[in-house]
Amino acid sequence: MTMLDLKVNEYATKDLHFAAFLKVKGVNISSFEGKSPVHFIFDARTRCEELENIFWNGVGDEIMVNAKDYFTAVRDLRARVFSITKPEKVRVVAEGEN
């Protein structure tokens, strides 16, 4: 297990769908760490912890998000994860080719 070196106000999750929820709720993603799994690093630790309780327990009106915005956030984060984790393309050259 990789230990992340987080600042005091940072929050990390490796859950893509929860990260998308945080993004739709307006929490700023400050960085991405690691390759497998990728950790999403957010700026507002206290706000993230509040939203974590809402997300996992399905409590309150704040669980509601716009479906299109959520889908877009999932798609964008997934694309970012794939760009980070995909192996670099290696060109194989047959003998005699330059």
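In the stretch 35-91, of all residues being among the β-branched types (Val, Ile, Thr), modelled with pLDDT of 90 or more and outside any helix (DSSP H, G or I), the one that is farthest from the chain's Cα centre (by Cα) corresponds to Val65. Go through the stretch 23-34 and count every residue that is under 11 Å from the mean Cα position of the chain (by Cα) and among the charged types (D, E, K, R). Residues in the stretch 23-34 being under 11 Å from the mean Cα position of the chain (by Cα) and among the charged types (D, E, K, R): 2 in total. Entry remark, the stretch 1-33: residues being loosely packed, with under 15 Cβ neighbours inside 10 Å and in contact with a Ser or Thr (Cβ under 6 Å, 6 or more places away or on another chain) number 0 in total.
The values are calculated or read from the model by the stated rules, or taken from the named source; none is laboratory data. Just so we're clear, the structure is a prediction, and the values are computed from it rather than from any experiment. Cβ atoms come from the backbone with ideal geometry, glycine included; neighbour counts cover every protein chain shown.
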